[in-house]
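Heads up: the structure comes next, in structure tokens.
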Amino acid sequence: FSFHLTYNHKYFKESSVERLLEHYVKLIGHILENPEKGAAVQEYLGEAEQAELLKDAASAIAVTYPEAQTLTGLFEEQVLKTPDRIAVADGTKSMTYRELNERSNRLGHYLRDKYEIRADDLIGLQLERTEWMIIAILGVLKSGGAYVPIDPAYPEERIAYMLADSRSKALIGEEELEHFRKLEETCSSENLIQVNRPEDLAYVIYTSGSTGQPKGTLIEHRNVVRLFKTNPSLFDFSADDVWTMFHSYCFDFSVWEMYGALLFGGKLVLIPNMTARDPGKYIEVLLKEGVTVLNQTPSSFYQVMKEALAGEHLNFRLRYLIFGGEALSPGKLKPWHERYPEIRLINMYGITETTVHVTYKEIGDSEIEQNQSNIGRAIPTLNCYVLDQHRNLLPRGLSGELYVGGAGVGRGYLNRPELTLQHFMDSPFQAGERLYRTGDKARLLDNGELEYEGRKDNQVKIRGYRIELGEIERVLEQHELISSAVVLAKTAADGEKELFAYLVGASSLNALTVRSYLSARIPSYMVPGHFIQLEYLPLTSNGKVDKKALPEAAVAGMSAGLEYVAPRNEIEEKLVLIWQEILGREKISVKDNFFDAGGTSMKIIRMLELVNRAFDYKISVVNIFKYPNIYELAAYISLKDENTLCNLDEDIDLSVDIMEDTIKLLDIESDEE
């Protein structure tokens, strides 16, 4: 057999096509040799390519780290190096490393004596973001236990569930701290005898679960130690650095912020919740404190960036701006990078189950121009594999599920053995390695780096079409006037599932221009029916978008892009009321286009039912195409009586173009028809 492959060079590289042919020939060969095997287990990768893929999976840097150390041991070593430097500050008061160590020692002795704390015992923390939160975290670790962070703002039911599920031996809240403070001077300030080993638990962070109840992720001391203390290291953190603790301690980005400062002698500035929600006030803190390492989710930073770029050049002392927690759109950083080119931009993809960060990618001019969600390579001590549904290695360029292996993979989920078995498993690639199944889609690029492609389960079905919401969001965020976008699938009052796009961008945006922009880039069934423009996206305490706080379209719908024209007669008033009911919008102009306002095939049918009932006429689908706004449709109705309308409908010439539009709107091209 001989093969000849023709391809479109706009979409495929020659190297990719050559690789495709090689895979095809190998697959045919293996099938001929092993016809009894199913297609899913047939091999098509050669030994050399498999070796290359496994090399890509690991960081290129060979490193060591203190495998025998714990977090408390490393912190106490740092106290000896920088006892008089400021460790923690909140704008009004501060503590040196010596003071922080002594106070956390006293709390550690108190906890060990009162509650007989042993390794892997869990202690709940229900504290606000003050210096006592840091004292309590270190005190729990020094006592030998592991901490379970609980946000005081959580609903009581959720707090009760977390305490019961974790079987916390104690709860450190304001009441317990008050009791401790009365006895504090009687407790020893000396370092406690360490009872922990590297494989003991350090913390348990609860994340949302598919079952409706949160699940606790078990992270050990060694998981955190290797995140910071590799030799060589990706970063040059030092005692001269100033960090902010911006994120909630219930979000593992806070682990990076806290230990990134305290294990290197740096200063940790605690950011109150209200300041964290106000970009202007937060920038004031960055300038006043001389912050050098800034850690942000993209959603949070886009708001900070907008505020910072609104005025003159600011004298930031920032060395690093590190992103994590959600997908980054590098193109959005262009104006910031142009004004502050000296600040290094680092994109770090991460997961709670694999200890905060997984990959590292520095963002420069080319990454900003490409605006690709490139998350780089695995950080030292981790491996990243892109696998198919049968957990076979996928070649470069093919999308699959990302699996993470190495020293950062946590122990599993608390009290969830079945869920642990589903997501944590032995690696087929390295003896003794454990893998975590992320549920994230990714593909390996030609240069060995990874591109993030969203969640595997972030898929919705609308009118028979399968749609990835992340794809629409990425296209929206590539618009020069849109800084942030979130797309949700919601079920309307009529039971139909619809797409809602929430946008942050220029005031000149309107639904007409955004819809036209999307229509030129994605299929019509993927274009949202509702656009809502916001000044900013509401965020949770973790700095991620709070989707539950997003308003309804009827309350905050985007301008249609046309001048509002009120109804002028009874017919137009009736049609406006019908459109309001069908489209779920409060303000309808008689010049609004039905389809641009969110009209779909199902909505056409319902609208015609209401229109025909209201006017006792029989209007066809074709009339809606010919008269897509109320102004024209009302004029058509007013000029005709029922007989005239029926005669006209029979005489209408259904051109090919109109028929094609009708077919598309009726979803006859649906992949399930």
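Between the alpha-carbon centers of segment 397-458 and segment 256-332, tell me the distance in whole angstrom.
Using only Cα atoms to place each centre, the spacing works out to 29 Å.
Return the label of the correct value of Rg and Dmax of the Cα atoms in Å, as calculated from the structure shown, out of (1) 36.1, 105; (2) 29.4, 98; (3) 26.5, 89.
Checked against the structure: label (2).
For residue 536 and residue 399, FRET efficiency with R0 = 30 Å and r from the beta-carbon atoms, rounded to 0.05?
0.40
Pull up the cross-link candidates among the aspartates and glutamates for residue 281, meaning alpha carbon to alpha carbon under 18 Å and not fewer than 8 places away within one chain.
90, 289, 307, 312, 535
Going by average Cβ neighbours within 10 Å, how do the peptides 353-363, 303-313 rank, with the highest at the top?
353-363, 303-313
Share of antiparallel DSSP beta bridges in the chain, in percent to the nearest 5?
65 percent
Between residue 80 and residue 314, what length comes free when the chain is fully extended (0.36 nm per residue of separation minus the Cα-Cα distance, one decimal in nm)?
80.7 nm
Nearest 20 debye, what's the magnitude of the dipole of the chain about its Cα centre given +1 on Lys and Arg Cβ and -1 on Asp and Glu Cβ?
Here the size comes out at about 1500 debye.
Taking the solvent-accessible surface of protein heavy atoms with a 1.4 Å probe, what is the per residue accessible area of the chain in Å²?
47 Å²
Any idea what Rg and Dmax come out to for segment 1-117 if you just take the C-alpha atoms, in Å?
When restricted to the Cα atoms of segment 1-117, Rg and Dmax are 29.9, 79 Å.
Under 17 Å from a point 7 Å along the Cα-to-Cβ line of residue 273: which residues of segment 524-543 have their amide N that close?
Under 17 Å, as judged by backbone N against the label point of residue 273, lie 538-543 of segment 524-543.
Projected onto the charge dipole of segment 211-269 (+1 at Lys/Arg Cβ, -1 at Asp/Glu Cβ, origin at the Cα centre), which of 249, 213, 269 gives the Cα projection farthest towards the positive end?
Selected residue: 213.
Against the 2.2 N^0.38 Å scaling, with N counting residues, where does segment 341-434 land? I'd like the Cα-based Rg ratio to two decimal places.
Ratio of Cα Rg to 2.2 N^0.38 Å: 1.24.
Which of rounded, prolate or oblate describes segment 160-306 when judged by the alpha-carbon gyration tensor and an a/c cut-off of 1.5?
Rounded is the answer for segment 160-306, as its axis ratio a/c remains below 1.5.
Taking H as built 1.01 Å from N, whose amide H comes closer than 5 Å to the amide H of residue 539, not counting residues under 5 places away?
546
Tell me the carbon and sulfur percent of the accessible area for segment 118-251, rounded to whole percent, probe radius 1.4 Å.
48 percent
So what is log10(I(q)/I(0)) for segment 280-389 at q = 0.14, 0.15, 0.16 1/Å, when the Debye sum runs over its Cα atoms only?
Calculated log10 I(q)/I(0) at the listed q: -0.58, -0.66, -0.75.
So, with +1 on the Cβ of K and R and -1 on the Cβ of D and E, and no other charges, what is the size of the charge dipole of segment 153-232 about its Cα centre, to the nearest 20 debye?
With Lys and Arg at +1 and Asp and Glu at -1, about 520 debye.
Under a Cβ-only charge scheme (Lys and Arg +1, Asp and Glu -1), can you give me the dipole magnitude of segment 187-291 about the Cα centre, in debye to the nearest 20?
Dipole of segment 187-291, to the nearest 20 debye: 220 debye.
The values are calculated or read from the model by the stated rules, or taken from the named source; none is laboratory data. None of these values were measured; they are calculated from a predicted model. Counting neighbours? That spans all protein chains shown, and the Cβs are built from the backbone with ideal geometry, glycine included. The protein model used for the area step is the full one, side chains on, heavy atoms only, and it has no ligands, DNA or RNA in it. Shrake-Rupley method; radii C 1.70, N 1.55, O 1.52, S 1.80 Å.
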